[in-house]
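Taking it in order: structure first as structure tokens, then the write-up.
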Amino acid sequence: MPLEVKGPGLEFVDYREYVYGDDIRRVDWRVSARAGRNLEKLFVRVYRSERRVKVIYVVDLTSSLGFKDKLEALAFTVGLHARISAALEDIVGLITVTHEARFHGFMEPELLVSRLLRMICRDGAAGSLDISSAARLVSKVAGKSPVFLYTDYANKVASYRRLNLLARAMGAPLYAYIFATPGETGKAHVEGLTSLLDFESGNALTVSLGEYAALVRSHVASVKASLGFSRVFEVESLKQAMAYVPSLAVSYIRARGRY
């Protein structure tokens, strides 16, 4: 259904009185002059858009996101982006990956945040599906809508590549927000041995920290290359996410604006 929008629209609808914050370029000076002496009142042109912009969130809630505060950082970031989409009057589609890949439908951004928080509070991080399990749902519901992926590095490189190629084929590049601690990106420089626990499989492995860091850095570089370096935003912790609010917001607005 057509609706009033804050930016330039497609079709003129009516006039209304100017309010603080309106784009001065939308003021109709002739109508304002006829309405009162000395332009005591200004009137702006109101336009309507033929449809609301749809965006898709693919949110990874599998067990690996339960490490440290990655899940909290993810929830904070999704909430921030949903708030921006609410201000832009978007409608958001939610796909989650846990024990299953599930499409929750298109909804108002505020409802999406409420539903996602209920899932996190009830189940936490659970499941071990690869993010590629969401590919079929993305192909069914995304169309040309922008796709935003919220995940970590605990997936195969081929899975990130598959999602990215799928989104590009539909005309909507994929943008990824990846949550990972310094140790999970190979930035921690510590010598010795350590035991690694796979949160999803439960398997443990003893490895050299130096060899592990090198393997991790290689994996991270491959993931970023498969997604496109300019389309990856990395977050290390909730504290960093809160400090990076302007960057998180600007990167999201720019990505959405390319649609």
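The numbers here are math on the coordinates, done by the rules we state, and not lab data. Computed from a prediction, not measured in an experiment: that's the story for all the values here. For neighbour counting, all protein chains shown are included, and Cβ atoms are generated from backbone atoms with ideal geometry for every residue, glycine included.
For the reader, a short list of remarks on this structure follows.
- Per-residue extension of 0.36 nm, minus the Cα-Cα distance of Arg168 and Val250, leaves a gain of 27.4 nm for this segment.
- If you plug the beta carbon distance of Glu89 and Arg217 into 1/(1 + (r/R0)^6) with R0 = 41 Å, you get a FRET efficiency near 0.50.
- Rounded to 10°, Cα long-axis angle of helix 209-227 versus longest principal axis of the chain: 30 degrees
- Taking the chain as the region of interest, the number of lysine pairs whose Cα atoms are within less than 13 Å, with members eight or more places apart or on different chains, is 4.
- Taking a Cβ cut-off of under 14 Å around Glu234, the surrounding Lys, Arg, Asp and Glu residues balance to a net charge of +2, with basic ones at +1 and acidic ones at -1.
- Going from the residue with the fewest nearby Cβ atoms within 10 Å to the one with the most, His99, His81, His104 rank His99, His104, His81.
- For the options Val59, Val232, Val31, a Gaussian network treatment of the chain with springs between C-alpha atoms closer than 10 Å singles out Val31 as fluctuating the most.
- Rounded Å value of the spacing that divides the Cα centres of the range 95-131 and the range 220-259: 20 Å
- Per-pair calculated FRET efficiency, R0 = 25 Å: Ser230 and Ser139 via Cβ, rounded to 0.05: 0.60
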